[in-house]
Structure formats: structure tokens, C-alpha cells
1. Whether any residue in the stretch A:175-189 is surrounded by 19 or more Cβ atoms within 10 Å (Cβ to Cβ), over 12 Å from A:Ile273 (Cβ atoms), in contact (Cβ under 8 Å) with a residue 12 or more places away in the chain and within 28 Å of the chain's Cα centre (by Cα) is what I want to check.
2. Kindly indicate whether A:Val69 is within 9 Å of another protein chain (Cβ to nearest Cβ) and either outside any loop (DSSP other than H, G, I, E, B) or more than 12 Å from DNA strand D (Cβ to nearest atom) (or both).
3. Please enumerate the residues belonging to the stretch B:11-27 that are near DNA strand D (Cβ under 10 Å from one of its atoms) and part of a loop (DSSP other than H, G, I, E, B).
4. Only one of these conditions is not met by B:Ile317: (1) modelled with pLDDT under 95; (2) part of a helix (DSSP H, G or I); (3) of a type in the set (A, V, I, L, M). Which number is it?
5. Anything in the stretch A:13-60 that is free of Cβ contacts under 8 Å to residues at least 24 places away in the same chain and among the small types (Gly, Ala, Ser)? List them, or say none.
6. Considering every residue within the stretch B:297-308, establish whether at least one is touching a Phe, Trp or Tyr at 6+ places or on another chain (Cβ under 9 Å) and closer than 24 Å to A:Val231 by Cβ.
7. Test each condition in (1) part of a loop (DSSP other than H, G, I, E, B); (2) modelled with pLDDT under 95 for A:Val120 and report the one that comes out false.
8. Name the single residue that is farthest from the other protein chains (Cβ to nearest Cβ) among those in the stretch A:42-63 being of a type in the set (A, V, I, L, M) and away from DNA strand D (no atom under 13 Å from the Cβ).
There are 2 protein chains.
Amino acid sequence: MEFKNVTIQDIAETANVSKSTVSRVINNSTPVAEKKRKAVLAAMDKLNFQPNIFARGLAGGQSMTIGIVTQNIGSPFYDSVAQGIISALRDSVYAPVFVDGEWKSEVEEEVIGTLLGRHVDGLIVVGGSLSEEKLVQLSKQKPIIVVARQLEELSDQCVFIDNFEAAYQATRFLIDAGHENIAHLTGIRRHQDATRRFKGYCQALTDANIELNPDLVIEGNFSGQSGVMGVESLLMRGHSFTAIFTANDEMAYGARLALYRKGIRVPEDISIIGFDDQPNSAFITPPLTTVRQPALEMGQAAAKALVGMLAEGEYEISPLKADLVIRESVSRRR
Amino acid sequence: MEFKNVTIQDIAETANVSKSTVSRVINNSTPVAEKKRKAVLAAMDKLNFQPNIFARGLAGGQSMTIGIVTQNIGSPFYDSVAQGIISALRDSVYAPVFVDGEWKSEVEEEVIGTLLGRHVDGLIVVGGSLSEEKLVQLSKQKPIIVVARQLEELSDQCVFIDNFEAAYQATRFLIDAGHENIAHLTGIRRHQDATRRFKGYCQALTDANIELNPDLVIEGNFSGQSGVMGVESLLMRGHSFTAIFTANDEMAYGARLALYRKGIRVPEDISIIGFDDQPNSAFITPPLTTVRQPALEMGQAAAKALVGMLAEGEYEISPLKADLVIRESVSRRR
DNA sequence: TTATACCCTGAAAACGGTTTCAAAAAAACG
DNA sequence: CGTTTTTTTGAAACCGTTTTCAGGGTATAA
């Protein structure tokens, strides 16, 4: 599966040129006479040359490695992003090193440190809670792409969808279906996504001349458990409502379960709409109406952008958007 | 966040010794006089020395990197394993490089090649379909741990749970609850796990003097969709059954959905038991009774074993076992 | 006291590339 | 055809470690 090491020197000898020339054709750094170039290429092919990554790195070249900072791997959304990154990187020359920031800025800073210590050529930061300031500073040191976060100063290096807009659409969908008393189970407050989704919800209500009822808004933490607790306290408070918009799908599952326990039917009695469209959402009962975030595509877009940055200095991030996927958890009211 | 590079030479000068001595204290390779040792340590601390990983690698040392071959990232089970690996590696000196084998042996071979090209110090292969033979051969080249697969010749380097036994227990649970006509939705045939689970199911039936009815066994592919299709064909075939054992949780979700669509109640009319206990399973309706695979722990065990192998040449894999988690999707019969 | 080990230590040689520098070759010019 | 300019090329230095090798000390033995 692997051979003894063929070095640049071996190539040089086989092709009857100097090491320097070989290096030049490999990197296309300096023009080389066509004849020699061919000879080198042939030799490389014949001996099955693979450059030693350490030597390259040492000599001030690239590490051919990119660092990925994820949070809380194990959450479906972030997993899909990771998968997108890995797949897009497979046919590049870069390999991904993963570290976990655990949604804690200190941890995040530390793991970024180890990445930097490994001389990664670039960074992809997925979510996280590191301050914008630090991220900006970091971006001056290394090429960086930020996924699932929207930074003022670095907006052209961010891959994200418009959470405000998406939440607005979701809420709007409920309103259009005749719902007026719409509860919202939020995500963790300090997550940017959560607050944006909350704002979208508020705005949709306002635009429809529905007054926001604070009692119908419950703070959760993106977990299934917080979904069941959210519904339980909603029910306890006694305000009537006919629909729930949750900040992610897992909370929607929890909400659905809590309702099930009380014998409340979905969607006949209460409608639910989630956010993310994780794979399971099509298979729960009833299949969940939700907002699809193109997680895989976001990962791919990020990876491609970074590779572009690294290779050419040019890159482009194709705009991605969330869209509503309508299944069976929302009923028309009246 | 990062400084100019402090080299071993700087340390040497500060501590008034030679580079060689510094290297020796770093690696503990040769005894060094206590006084000098202290001086070096102090200097390293003062200058905040971080060894250059490329130089180390080049000089024939370690790359301090371990390669992880996963399959089909995005499946909850494999994601959790990956998470376990990452977390266990965080407080080691190694960083993980991930590649995806896509459950195709050619792809797997290729990506292992790139890992080898990067001189990883060790390998963790999670699942996959590479032949046992190749894996064994690989294990002679590099330290390797295999997760979620059971290899004859390498059994002491494998982290896995007893799928046969676990499936036996699950089926047994159904039998004990009074079920006799028990259907099984299998996973992909060529996956070792799938066939072991199938065999466990068969054995439990046999031991209970229940004849295996081939019409109640349907081949699926681990996806939710195959779960719904499985139940649909089961229903079409017309043989009555009162319980279903699916090869994983996602198929259980699918099965449950198909039943829901037909107006068949779970668990009153038909019971379901899954396999994996992915996080969502506690929140579907009804909460799913299933076999819990300690995925996270498996990842951690693998990482720790590999680190042990690398560091000391010694390692130990603590035995992990699956266990039944009883929730609400199985009813007592009669 | 001198010879014999043994333990520490520094100098120097790898490791396999990239890059600088100056020389050689080729091309352009007068 | 000689001179100048430009393009190609090889030699050598360098990147930051580890490791080999041999020399210097010190302690032990004779």
C-alpha cells in the first residue's frame, strides 16, 4: 500500500537535473525548459513520487492541512456541516484536522491555539462563541472562513443563512394558516442564531398585527428535553395557543412528546413547526414541517471558498438560503 | 494569540546548553544532569516554547497526528463515535485528521493512502468495508484500532459490542412480553453488524421454540425510508405480527411512521424495538425502546487505546456492552 | 597514581524539501 | 561578431528537530 520513500533527489537523478529544478516544476514557481520539465514529470510518474509533507512544511511551504473548529459535534446540524467540509476537501490537496470548541470561548481559543501550533494553512470555524473581535484578529493571521455565524466585519468570509428571514417565513406560514396565538420556544440566548430566529418571529407577528405575548415565549436550550419542558410550562401558564414555533427540530420533538403525553393531538389541536430539517424530521409522527438549513452545502461552500482563498487568493461564496419544507405537523385553523 | 517562533536553539542559548541537550530533556531520551535539566525546563517555560511539528516529523520523529477513517459521517452512531475520539484526543498530544471512506472499499483504500502519505502515527478505522486481510496487513505497518467491527485476527485491537448478544436480548425482551410473531427489518446485508443482529434475532426465536418465518424478515438499508418500506411490504404480505425489531433506530422511526399512516397504534397494536439509542429516540412518540450502543464511549476507548499503544506500547480496551433501554414502544401481549 | 568504565554532553550529520544567489546559456541588440 | 540583456540552471544555505558519534568528566578499580 505504501513504498519506501522516493525523494526529490531521486527524481533529480533519474531526470538528470538538479533538485532545484525538480522543485520548480513541482511548484510551478519558475519557468523550466520544456524538455527538462517533461523529463521531471516522467520521472515523478515513474517513481511514484509523493512529496514529504514535513519537509515542505519545514521549508516554509504549506502544511496542506486546514483546521476545523466545530462545536459540540454530535448535533445533527454541525455534523452535516462537517460532512460537507470533509467531502469537499476530499478532492483537494488539503486534509482537515478537527477540534471541538465545546461552545465555550476559552476552549475555543485554546484549540485554535493548537491548530495554529500545527501551522494549518487555513481555518474554518463553525459556529462558536469566540468574540467577533478575536475572530477578526485571527483573520489577519490566517485565511479563515466562518460558518453558521454572521460577522459584521467579516461578512464576506461567512457562510450563513438568514435566520431572521427564515424564522419570519416559518412564523408567517403559521399565521397564514390561521394561527394567532403562536408560542415560541427559543434556543440558547447567547447563540446568535437563537436571537435572530426570535426576532424573525417577533417581526412576523408585528407585521400581522398580532401583539407579542411574552407568556408564549419560553427560553430553551436547543435540546429535546427543553422542548418538553417548554410545552409543560406553556400549558401550566394557561394561556391558550394553537401553534408552536421551536428554534430547532430537536426541541420540536420534545414539544411533540409533551403534547402526546397530555393527549393533545398534533396537528389537529396544536401545530408545530421546527427549524433545521434534520434527517429524522421526515420520519417522526406526524412528519415535521420545518425550515431546512442546507447544512451539507454550507460545509461544502466553506471548504471550497477556503481552498480558493488558499490557492488563488480569490474565492466566492455562493449564497445559500433556507427554505420551508412543508410536511404534516401544521394544520389550517378555522 | 501566537508568537514568533521560539526554536530549540533559543532555548539552548538561554539555558546555556547545546541543542542536543534540549532535545534530550524534551524527549526524555537520555539522562541529563539535573541542573541542566532544570535550566532547560525553565527556559522553555519562560520563552513559551512549542516544538515545530514539521521539524520533528522530518527528523524521523512522530507527526503527532492520528488518522480517523469514518464512514458516511452524518449517521448519528458514527458521529458519536467521532465525537468520542475527538474528546479523548483533546487532552493528548495527538490531533485527529478525518477522512471519509463512504462505505466503499476502494474509497477507503484511497483515503487510507492519503493518511499514510501524511505519516500519521496511528489509525482508527470506524466501521467500513475494507477486507479483513488488508486491515491485517495495514496493522503491521502502523498501530491501528478498529471500531464497530470485529476482526478475527485482530480482535484485541477492536472496539465493538456484541451485536449478536444485543439483538438476542432485544428479541428476547419481545418474546418475554408475550410476542410470538415478531418481524425483523434488517440492515444492509454486507454490513457485519446487520448480519450479527439478524443472527441474534434468529437464535432468540429458536431458543423460545418459535419457528422463524422468512416472510417476517425484510432486508432494509438502515435508512428511515427503508423502515417505512419494510412495514409496507410486511403489511402487504398479510402475515400477522405484533412486534417489529429493526436493525437501527432510524428504521424504527420509519416503521413507526408507516404504521401511523395506516392508523395502527404503537404500542397497543404493534410493538417496536430499535437499535442504537440515538439521542432523538427518547423524544419520538412513543419514546422508543431500544438497544443502547455506547457510541461515545467506544470512540473514547479507541482513542485511549491507540494513544496507549503509541506511547507505551501497552494498551487496554475496557469491555463495552450494549444494554436495553426500556421506554414505551413495547407493550405486553395478552 | 594510573587505567578502565561509565555517564554526560556538544558537534555535526541527517531528514527532504524551498529559496536565494550567482553562474551559464541563450537571446537580443548594435 | 562582440556586447548586453534575459532566461535557465545548479550549488548551497536554510527550515527546526532528532540522532549518531566521539570526546570529556567523574567515579571505580587496579
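1. Looking for residues that are surrounded by 19 or more Cβ atoms within 10 Å (Cβ to Cβ), over 12 Å from A:Ile273 (Cβ atoms), in contact (Cβ under 8 Å) with a residue 12 or more places away in the chain and within 28 Å of the chain's Cα centre (by Cα), one finds at least one in the stretch A:175-189, hence yes.
2. It is false that A:Val69 is within 9 Å of another protein chain (Cβ to nearest Cβ) and either outside any loop (DSSP other than H, G, I, E, B) or more than 12 Å from DNA strand D (Cβ to nearest atom) (or both).
3. If the condition is that a residue be near DNA strand D (Cβ under 10 Å from one of its atoms) and part of a loop (DSSP other than H, G, I, E, B), then B:Ser18 is the only one that fits.
4. The failed condition is (2).
5. A:Ser18, A:Ser20, A:Ser23, A:Ser29, A:Ala33, A:Ala55, A:Ala59, A:Gly60
6. no
7. So the condition that A:Val120 fails would be (2).
8. Step by step, filter the stretch A:42-63, then rank; the result is A:Ala42.
The values are calculated or read from the model by the stated rules, or taken from the named source; none is laboratory data. Predicted, not measured: the structure shown is a model, and the values here were computed from it. A quick note on method: Cβ atoms are made from the backbone with ideal geometry, for glycine too, and the neighbour counts reach across all protein chains shown.
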